[in-house]
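Beneath this line is the structure, given in structure tokens, with notes to follow.
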Amino acid sequence: MKRTIDINVTSTRWQAQPRAKSTIVKAVTAAADMLKCKDFEVSVMLTGDRSIRVLNRDWRGFDKATNVLSFPALPQPAPRRGRAKAPRMSAPALLGDIVIAYETVAREAKSEQKPFLHHLSHLTVHGFLHLLGYDHERNDEAEAMERMERRILARLTIPDPYADAAAS
């Protein structure tokens, strides 16, 4: 089994979180184990709001910063509708890129009263699932994706990130 997780830090703000890289590796590994992905390469760029805003504007047409963006290398088959389990597949050598913005992650973690590294894990898993074809455009897709995120994060002993939203 060959798994490559390249992490490129382009913003000095990430120095405030020295465990960010190991947190990302653990999150990707947990997601890959759950989804039975054996051989793959994924790139993660840790950047800031200004850089992710440009990417979000140029690739998605939204001129604002966001927390995470995913850029699949190849189109992936969508998981079966309404099911939390992805189809077994042999992942391509290069899955794609995940980009995460420090300021937005920090701001969200603070406002949601979550540990920064828990929120980072969640967003990493979220981005990884997008690389595998998961989406949240429709309600059934969102439910399947959130269900898988919860299962993966539970393996990392991270509380359900959607629990507070469901209670309100």
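FYI, it's all coordinate maths here, none of it is from the lab. These numbers come from a predicted model, not from an experiment. Here Cβ is always computed from backbone atoms with ideal geometry, including for glycine, and neighbour counts include all displayed protein chains.
Which loop trypsin sites (Lys or Arg not before Pro) in region 1-66, with loop taken from DSSP, have no more than 13 other Cβ atoms within 10 angstrom of their Cβ? Spell out each step's value before the answer.
Values: sites: LYS2, ARG3, ARG13, ARG19, LYS21, LYS26, LYS36, LYS38, ARG50, ARG53, ARG57, ARG60, LYS64; in loops: LYS2, ARG19, LYS36, LYS38, LYS64.
Qualifying residues, ordered by number: LYS2, ARG19, LYS36, LYS38, LYS64.
Just in region 90-165: which trypsin sites (Lys or Arg not before Pro) are loop by DSSP and have at most 14 other Cβ atoms within 10 Å?
Hits after loop and neighbour filter: ARG138.
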Tell me the GluC sites (Glu not before Pro) within region 116-168 that lie in a loop according to DSSP and have at most 16 other beta-carbon atoms within 10 Å. GLU137
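Taking every DSSP beta bridge that has both residues in region 3-159, what percent is antiparallel when rounded to the nearest 5? Display every interim value, and only then the final one.
Working: 5 of 19 bridges.
Antiparallel bridges: around 25 percent, rounded to the nearest 5.
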If every alpha-carbon in region 1-55 counts as one equal scatterer, what log10 I(q)/I(0) does Debye give at q = 0.14, 0.24, 0.28 1/Å? -0.44, -0.95, -1.10
With charges only on Cβ, +1 for K and R and -1 for D and E, what is the dipole size of the chain about its Cα centre, in debye, rounded to 20? 420 debye
Show the residues, 5+ positions off or on another chain, whose built amide H is closer than 5 Å to the amide H of VAL9. LEU46
Can you tell which of PRO72, ILE158, ALA101 lies farthest toward the positive end of the dipole of the chain, using +1 and -1 charges on the Cβ of basic and acidic side chains (Lys, Arg; Asp, Glu)? ILE158
